[in-house]
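A.B. asks: The structure that follows is given in the form of structure tokens.
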Amino acid sequence: MSEWVRPAGTAARDGYDVVVRPGDPGWQHSGLTVRTLRPGQSVEIDTGDCEYIVLPLNGSAEVIIDGESVPLGGRADVFAGATDLAYVPRNTTFAVVSPGGARIAFPFAKAASDRPFQRIAVEDVETELRGAGVASRQVRNFGTPGVLDADSIIACEVITPAGNWSSYPPHKHDEHRPGKESELEEIYYFELQLSDDAPEGAKGNDPIGYQRVYGTDDRPIDVLAEVRSGDVVLVPHGWHGPAMAPPGYDMYYLNVMAGPGTERQWLITDDPLHAWVRELWNSQHIDPRLPFQQTEPLGGDES
């Protein structure tokens, strides 16, 4: 198993299901923890020199900060739609509690400046349909520049319908080239589900997907991972893509990015061997299964 692949359970510690932190071997700028909260259970976090996002994966929660409770409506699961979320600045102590139980992702990154606490409502999360044909995917840009005011963190969610390729064509963002490419390390956190057309006899299957990462001539890296729900793949550098959802299995991944640059930008370079694939999209339609329909947030009108 590659050092950059963390199967579900192998990155668990300190009560968290997933822990990736700056300072881990080969890792410097971005982080992700995932915590399962039982009904009524809470967790307290000191952000230190990092900025945090509070992102319910399933269930709803409340953020307790400066003596106030801020509700996050949540969702049934990551395929059901977007969710309310919160941004918490560095040098802050906050708590998250879930009266009904929830699984919460905490993307975070090193920060060099202060931003105010923010609650991003589900209706303010921008949804983008990217690619076409079998490269169609749905992107929820909840933590990208222009949506979230942050110092360094960039984060989004991607839904890839069964049989489609995402993160494609392969691309990289590991060099600082002004106006062309930004230097960002990246975390992929995966969840998968059976597609709607799966037969009843497949209900017990363990959905799988695949993720590819490969290096440049001067910076080798080689990852071809079979991924399941709860798995993490780290991309310290190099070309990454495709993320493949086999027929029968829908794929979700959460991306968390940050880097050493002073300007918060997400600029990529396509692998020149495969960049031509984008031209095909001009004559193709977006997959009609997209967008995945938003269901009612768990918090209703109060979310």
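A.B. asks: Roughly how far apart, in whole Å, are the Cα centres of segment 147-190 and segment 74-94?
C.D. replies: Measuring centre to centre over Cα atoms gives 19 Å.
A.B. asks: Also: Mind listing the long-range amide H neighbours of Tyr52? Cut-off is under 5 Å, sequence gap 5 or more, other chains count too, H placed in the peptide plane at 1.01 Å from N.
C.D. replies: Val88
A.B. asks: Using only DSSP helix segments of four residues or longer, with each worth -39500 (n - 2.57), what per-residue ellipticity at 222 nm results for the chain after dividing by its residue count and rounding to 500?
C.D. replies: 0 deg cm²/dmol
A.B. asks: In addition: Quick check on segment 136-237: what does the Kirkwood estimate of hydrodynamic radius come out to from the alpha carbon pairs, in Å?
C.D. replies: This gives a value of 15.9 Å.
A.B. asks: Taking only protein heavy atoms and a 1.4 Å probe, what accessible area per residue, in Å², does the chain have with all protein chains in place?
C.D. replies: For the chain, the per-residue accessible area is 43 Å².
A.B. asks: What is the extension gain from Thr262 to His274, computed as 0.36 nm multiplied by their sequence separation minus the C-alpha to C-alpha distance, in nm to one decimal?
C.D. replies: 1.3 nm
A.B. asks: While we're on this one: Please work out the FRET efficiency for the pair His285 and Ala202, using the Cβ-Cβ distance as r and a Förster radius of 35 Å; give the result to the nearest 0.05.
C.D. replies: Efficiency at R0 = 35 Å is approximately 0.80.
A.B. asks: Any chance you could list P(r) for the chain, counting all Cα-Cα pairs in 20 angstrom bins from zero, rounded to whole %?
C.D. replies: All Cα pairs considered, the percentages come to 34, 60, 5.
A.B. asks: Here is a further query. Select from Pro25, Pro107, Val54 the residue farthest towards the positive end of the dipole of segment 2-134; place +1 on Cβ of Lys and Arg, -1 on Cβ of Asp and Glu, and compute about the Cα centre.
C.D. replies: Comparing the listed Cα positions along the dipole, Pro25 ranks first.
A.B. asks: Shifting gears a bit: I need the phi-derived Karplus couplings for segment 217-232: 6.51 cos²θ - 1.76 cosθ + 1.60, θ = phi - 60°, integer Hz, Gly and Pro marked x.
C.D. replies: Once rounded to whole Hz, the list reads 4, 8, 9, x, 7, 8, 10, 9, 10, 7, 10, 10, 4, x, 6, 10.
A.B. asks: May I pose another question? Classify segment 1-137 as rounded, prolate or oblate from the Cα gyration tensor: take a ≥ b ≥ c as the square roots of its eigenvalues, call it rounded if a/c is under 1.5, otherwise prolate when a/b beats b/c and oblate if not.
C.D. replies: rounded
A.B. asks: Let me ask something additional. Which FRET efficiency, nearest 0.05, do Phe117 and Gln293 yield, Cβ-Cβ r, R0 30 Å?
C.D. replies: So the FRET efficiency works out to roughly 0.45.
A.B. asks: When the accessible area of the chain is split by element with a 1.4 Å probe, what percent falls to carbon and sulfur?
C.D. replies: The value for the chain is 49 percent carbon and sulfur by accessible area.
The values are calculated or read from the model by the stated rules, or taken from the named source; none is laboratory data. In this text the structure is predicted, and so the values were computed from the model without any measurement. FYI the Cβ positions are ideal-geometry reconstructions off the backbone, even for glycines, and counts take in every protein chain you see. Each accessible area value is taken on the protein alone, full model and side chains, heavy atoms only, with ligands, DNA and RNA left out. Shrake-Rupley method; radii C 1.70, N 1.55, O 1.52, S 1.80 Å.
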